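Novice: Below is one structure. I have some questions about it.
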Amino acid sequence: MKKIDDLRKELHEHNHNYYMLDMPTISDYDFDIKLKKLIELENKYPEYFDANSPSQRVGGSITKIFDTVVHQFPMYSLNNSYSKKDLNDWQERILKKIPGKEKVEYLCELKFDGVSINLTYEKGSLVSAVTRGDGVEGDNVTENVKTINTIPLKLKGDFPEKFQIRGEIFIEKDDFDKMNSLRIKNGIEPYMNPRNTASGSLKLQDSKEVANRPLTCYLFQIVSENQLFDTQHMSLQKASEWGFNVSNTYRLCKNLDEVADYIKYWDNKKDDLKYEIDGIVVKVNDLDYQNELGFTSKFPRWSIAYKFKTDRVTTKLIGINYQVGRTGAVTPVANLKPVLLGGTFVKRASLHNEDQILKLDLHEGDYVSVEKGGEIIPKIVNVLKEKREIGSSPVKFSKTCPCNLKKNLVKIKDEANHYCLSFDECPYQIKGRIQHFISRKAMDISGLGGETIDLLYKNGLVSNYADLYNLKKKDLIPLERMAEKSAENILNALNLSKQIEFERVLFALGIRFVGQTVAKKIVKAFENIDNLMSADYESLMEVEEIGEKISKSILEFFSSIENKKIINRLQKIGLKFEVSQSDNISKTILSGYSFVISGKFKNLSRNEIATLIESNGGKTTSSVTSKTNYLLGGEDIGPSKLTRANELNVKIISIEEFLEMINI
Ligand code: AMP
């Protein structure tokens, strides 16, 4: 209905003018009248319902359980830097990865301190809003996010058909103080800090209540299947044109000196901002280079956070605990008298290892300065010797493992940590290995957590990860807080884990230094567990990115009879220990060749061409690098790709030449 449509368009526009441009063109009163009119019409003609109508801003929906959604593109963390030297080191790493480049430009942005959100837009309408969660999957909080006025429900201008955009939802300092004053006035405990309050607000069940919270949002990263722009700078300008709230604090810097100026400026000015920031984010501006640099398993290589020096507080050391990891490494952890730091209470701080304790010259009962160095766990930066009690003794690093076996700890050459070598008996290591096995990135046995593993181990039901597959419902039900349904879910997840591909199973085994990336490389090189178990040192060393440390660790792992027995059992249970035939594409016609596709093609879509390349054993990447073998060009081939291919002597081929290559 035209009237409804027009009113919606008009109200979206007013909303944008008011909340983003801070330039309202009508009075609040007139706005309310128009909104009321729209709601009346929508009630009268429910067939014209639109989930993104301005009327939806006021909330009203109830979400009992937020669905978990797997991110199409993972939401990574950022690596941290604390000094100009860290930034220089980062630049060096970057330049090594982009051959032929001596310098790159950076786009600097503020690091907004709130909750990250991933928004998906299709045909210009907001279709979903998902929290970061663990980076792989998050919660669907769309209904709540729709109530945030600075998030557009409809876009303007020449937006692409489908894309995602990431940003940070937060509460401004003044609004937060107002909320708290009201709470104090009403005799309610005030909120601890704006970040936690913003994050809690997104998970409220009643979106009407969310609408009442002063949440706002800055957007800063467009993500899509195809590269839409040449630079991060252009993407921010475009995002702003499409109606997104983009902070105008970003700056394009030609070199690291300019980046340092930006950092210095905001380090001085950050307290004048209306909202909290916890640093600066530096991004490689050129998106082709970003693609070339890619990601590690945790961070983008093309971006880094610069963390401002945070506040320090003083507190008292109460005692020291020792934690034993799954590899037997022992970490001392300081227990502290709880103290407020950066909005949260700090009770513990990692001391890393014995050397760190000696370096600090830590005595029992000392007063210590604690700082948050960017990591979640704060660190002790120094000891206040003037406050030390006379006669207090230095902290002595434990000689034995904290487990009941009390085995002596051993310092291994060239390693900072002490180790408990009781690999097969130490309960902490046994439980640690099982926990790693079931973790999300490994076998993903949802429903089984640390506490359940503890109980299963205590009751003698599991003493290694293969034992998990012997569990029966009758074993689980008697455990504390275990309902029938949860027991069924666990058994179901164990059963499903038999479908998990070999590279994840290999990662789940918990071989020291074999993380996800290394596991992938090993699987590619050896294809099945028998080949891997019979591999010698030299053949392991031949695998890309595998060095001495990893090779030795793999050999050691497979030399254990106990480990071999467990693997044998897991094989019998039916876990995957080889690449399946469909994954095994290495011996086909394009094996070892890397393609970049650019431009438009008459009879085939780019996706179809990519599938053809991959099903013939080749690889596609989004940007031309020295490793690219062919640039497959169609009509309107991307000019930057063409230049780069010419610079690097990459062969440019037509679709006809390509089809000939694969005999079509
Ligand atoms: P961290 O959680 O410290 O590893 O930092 C990564 C998070 O910083 C991202 O998930 C974002 O939510 C947040 N962030 C805030 N501002 C920015 C920005 N300008 N660019 C990228 N990430 C940002």
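Laboratory data are not the source of any read-out in this text; all were calculated from the coordinates shown. What you see is a predicted model, and the numbers here were worked out from it, not measured in a lab. Every residue, glycine as well, gets a Cβ built from its backbone with ideal geometry; the counts of neighbours run over all protein chains shown.
Novice: Determine, from the Cβ-Cβ distance of Asn226 and Leu340 and an R0 of 51 Å, the FRET efficiency 1/(1 + (r/R0)^6), rounded to the nearest 0.05.
Specialist: Values: r = 47 Å, r/R0 = 0.92.
Between Asn226 and Leu340 the formula returns 0.60.
Novice: If you take every DSSP beta bridge fully contained in the stretch 594-661, what fraction is antiparallel? Give it as a percent rounded to 5.
Specialist: Values: 1 of 10 bridges.
Beta bridges within the stretch 594-661, antiparallel portion: roughly 10 percent.
Novice: Sequence neighbours fewer than 8 away in the same chain don't count; with that in mind, list the lysines whose C-alpha is under 25 Å from Lys552.
Specialist: Here the lysines satisfying the reach criterion relative to Lys552 are Lys298, Lys407, Lys411, Lys413, Lys431, Lys441, Lys520, Lys521, Lys524, Lys564, Lys565, Lys576.
Novice: To two decimal places, what compactness ratio does the stretch 212-300 give when its Cα radius of gyration is scaled by 2.2 N^0.38 Å?
Specialist: 1.22
Novice: What is the spin-label model distance, in nm, from Lys524 to Asn649 if the labels are put 7 Å beyond Cα along the C-beta direction?
Specialist: Computed distance between label sites Lys524 and Asn649 equals 2.4 nm.
Novice: While we're looking at this one, here's another question. For Trp302, Trp266, what ranking results if the residue with the fewest other Cβ atoms within 10 Å of its Cβ goes first? Each step should come with its number before you reach the end.
Specialist: On the way: Trp302 25, Trp266 21.
Fewest to most other Cβ atoms nearby, the residues stand as Trp266, Trp302.
Novice: Can you put Arg93, Arg481, Arg606 in order, fewest other beta carbons within 10 Å first? Intermediate results must be reported in sequence, preceding the final value.
Specialist: Values: Arg93 12, Arg481 8, Arg606 17.
By the 10 Å Cβ count, ascending: Arg481, Arg93, Arg606.
Novice: Can I ask one more? If the convex hull of the alpha-carbon atoms of the stretch 425-550 is projected onto planes in all directions, what is the mean projected area in square nanometres?
Specialist: Values: hull surface 32.6 nm².
Quarter of the Cα hull surface area: 8.1 nm².
Novice: A further question follows. What spacing in nm lies between the two simple spin-label points modelled at Asn186 and Lys34, each 7 Å away from Cα in the Cβ direction?
Specialist: For the pair Asn186/Lys34, the computed spacing is 3.2 nm.
Novice: Another question, if that's okay. May I ask you to work out the translational diffusion coefficient for the stretch 281-414 at 4 °C, viscosity 1.567 mPa s, via Stokes-Einstein with Rh from the Kirkwood sum over Cα pairs, reported in whole µm²/s?
Specialist: Details: Rh = 17.4 Å.
For the chosen part, D equals 74 µm²/s.
Novice: Length gain on complete extension for the stretch Thr331 to Glu47, per 0.36 nm per residue less the alpha carbon to alpha carbon distance? Before the final figure, lay out the partial values.
Specialist: On the way: separation 284, 0.36 × 284 = 102.24 nm, distance 6.24 nm.
Between Thr331 and Glu47, full extension yields 96.0 nm more.
Novice: While we're looking at this one, here's another question. For the stretch 2-58, evaluate the Debye formula with one uniform point scatterer on each Cα (no solvent term) and list log10 I(q)/I(0) at q = 0.20, 0.23 Å⁻¹, rounded to two decimals.
Specialist: -0.69, -0.89
Novice: Right, something else. For Ser463 and Lys399, calculate 0.36 nm times their separation in residues minus their Cα-Cα distance, and state this gained length in nm to one decimal.
Specialist: 20.5 nm
Novice: Kindly identify the stretch 80-307 as rounded, prolate or oblate by the Cα gyration tensor criterion: order the square roots of the eigenvalues as a ≥ b ≥ c, call it rounded if a/c is under 1.5, otherwise compare a/b with b/c, prolate if a/b is larger, else oblate. Could the numbers behind the result be given before it?
Specialist: Working: a/c = 2.11, a/b = 1.41, b/c = 1.50.
It is oblate, given that a/c is not under 1.5 and a/b is not larger than b/c.
Novice: While we're here: Can you pick out the pairs among Lys123/Lys627; Lys2/Lys146; Lys274/Lys347; Lys347/Lys549; Lys111/Lys379; Lys111/Lys337 whose Cα atoms lie more than 25 Å from each other? Working shown, then result.
Specialist: On the way: Lys123/Lys627 36 Å; Lys2/Lys146 23 Å; Lys274/Lys347 30 Å; Lys347/Lys549 35 Å; Lys111/Lys379 22 Å; Lys111/Lys337 30 Å.
Pairs exceeding the cut-off: Lys123/Lys627; Lys274/Lys347; Lys347/Lys549; Lys111/Lys337.
Novice: So, one more: Between Asn193 and Asp355, what is the spin-label point distance in nm, taking each point 7 Å from the Cα along the Cα→C-beta axis?
Specialist: 3.0 nm
Novice: Quick one: Cα centre-to-centre distance for the stretch 132-148 and the stretch 312-358, in angstrom?
Specialist: Cα centroid of the stretch 132-148 versus Cα centroid of the stretch 312-358: 33 Å apart.
Novice: What fraction of the DSSP beta bridges in the stretch 510-664 is antiparallel, stated in percent and rounded to the nearest 5? Intermediate results must be reported in sequence, preceding the final value.
Specialist: On the way: 2 of 11 bridges.
Counting DSSP beta bridges with both partners in the stretch 510-664, the antiparallel share is about 20 percent.
Novice: How many percent of DSSP beta bridges within the chain run antiparallel, rounded to 5?
Specialist: On the way: 74 of 86 bridges.
Of the beta bridges lying entirely in the chain, close to 85 percent run antiparallel.
Novice: Multiply the residue separation of Asp261 and Thr310 by 0.36 nm, subtract the distance between their alpha-carbon atoms, and state the gained length in nm to one decimal.
Specialist: Working: separation 49, 0.36 × 49 = 17.64 nm, distance 1.90 nm.
Using 0.36 nm per residue and subtracting the Cα-Cα distance, I get 15.7 nm.
Novice: Based on a Kirkwood Rh over C-alpha pairs, give the Stokes-Einstein translational diffusion coefficient of the chain at 25 °C and viscosity 0.890 mPa s in µm²/s. Please report the intermediate quantities before stating the final value.
Specialist: Details: Rh = 28.9 Å.
Diffusion coefficient, whole number: 85 µm²/s.
Novice: What is the distance in Å between the Cα centres of the stretch 213-273 and the stretch 1-46?
Specialist: Using only Cα atoms to place each centre, the spacing works out to 29 Å.
Novice: Further, regarding this structure: On a straight-distance basis, which aspartates and glutamates could pair with Lys602 in a cross-link, Cα separation under 18 angstrom, same-chain partners fewer than 8 positions away excluded?
Specialist: Partners within reach: Glu635, Asp636, Glu656, Glu657, Glu660.
Novice: Determine, from the Cβ-Cβ distance of Leu384 and Asn495 and an R0 of 41 Å, the FRET efficiency 1/(1 + (r/R0)^6), rounded to the nearest 0.05.
Specialist: Working: r = 56 Å, r/R0 = 1.37.
Between Leu384 and Asn495 the formula returns 0.15.
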